[in-house]
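Written out below as structure tokens is the structure these notes cover.
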Amino acid sequence: MAEYPNIHSFKAIEIYWTLHEKLMTTKDQDEIEDICWKMITYTRPALEEQKQYNDQYKQAAIDNANYFGWEYKERKEMTFVTAEPFKRFAIVCEKKGNLQQAIWACKQAISLNLTDDGTKGGMQGRLDKLMKKV
């Protein structure tokens, strides 16, 4: 029988989610900006670990299905990394009048395929609106 991956073995994801919890509880704009920046710096390694976690989980599920004689059923991959820190960082920067930094955050999120920010237009729509302001 194969073991499923332990999320605590993925340090970048663990740090990212610790910061995410802080982000969801603070109201101070400077603290939000700081937390978002830290999360953004962990995004690439956390995305790599997210892929590793999902690959390991899938392999364990396949191995266990074979071991027990079950039919393997594909499941949706776990998503630990989101566009949230990029979105919140862009909002804070825009409020401070730093449109170039807000634009940078949107472009970074898009380049990492983190486009769903919970709005209809997503990060691309947010970027388009910022570009019109410039």
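Between residue 30 and residue 120, what is the FRET efficiency for a Förster distance of 25 Å, r being their Cβ-Cβ separation, to the nearest 0.05?
Values: r = 29 Å, r/R0 = 1.17.
Taking R0 as 25 Å, the efficiency between residue 30 and residue 120 is 0.30.
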In region 3-32, GluC sites (Glu not before Pro) in a DSSP loop with at most 12 other beta-carbon atoms within 10 Å: 3
Just to confirm my numbers, what's the Cα centroid distance between region 30-47 and region 97-132 in Å? 15
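Just flag the chymotrypsin sites (Phe, Trp or Tyr not before Pro) in region 38-134 sitting in loop per DSSP whose Cβ has no more than 15 other Cβ atoms within 10 Å. Display every interim value, and only then the final one.
Values: sites: 42, 53, 57, 67, 68, 70, 72, 80, 86, 89, 104; in loops: 70, 72, 80.
Those that pass, being in a loop and sparsely packed, are 70, 72.
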Using P(r) over Cα pairs in 5 Å bins from 0, in percent as the read-out, say which of [x] 2, 10, 18, 20, 18, 14, 11, 5, 1; [y] 2, 9, 14, 13, 10, 8, 8, 7, 6, 6, 5, 4, 4, 2, 2, 1, 0; [z] 2, 10, 18, 17, 16, 12, 9, 7, 5, 3, 2, 0, 0 was calculated from these coordinates. [z]
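Please report, as a whole percent, how much of the solvent-accessible surface of the chain comes from carbon and sulfur atoms (probe radius 1.4 Å). Don't skip to the end; give the middle numbers.
Details: 4320 of 8470 Å².
The C+S portion of the solvent-accessible surface of the chain is 51 percent.
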Any GluC sites (Glu not before Pro) in region 66-134 that lie in a DSSP loop and have at most 11 other Cβ atoms within 10 Å would be 71, 74
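Please give me the summed charge of the neighbours of residue 52: other residues whose Cβ is under 12 Å from its Cβ, Lys and Arg +1, Asp and Glu -1.
On the way: positive: 11, 51, 58; negative: 48, 49, 55, 77.
Within the 12 Å Cβ shell, the charges total -1.
Student exercise: in region 57-103, how many lysine pairs 8 or more apart or on different chains have Cα atoms under 23 Å apart?
On the way: 58/73; 58/76; 87/95; 87/96.
Lysine pairs meeting the criterion: 4.
Write down the accessible area per residue of the chain in Å², having rolled a 1.4 Å probe over the full set of protein chains.
Computed with neighbouring chains in place, this is 63 Å² per residue.
The values are calculated or read from the model by the stated rules, or taken from the named source; none is laboratory data. Computed from a prediction, not measured in an experiment: that's the story for all the values here. Heads up, the Cβs are rebuilt from the backbone with ideal geometry, glycines too, and the neighbour counts pull from every protein chain shown. For accessibility, only protein heavy atoms count, side chains too; no ligands or nucleic acids. Shrake-Rupley method; radii C 1.70, N 1.55, O 1.52, S 1.80 Å.
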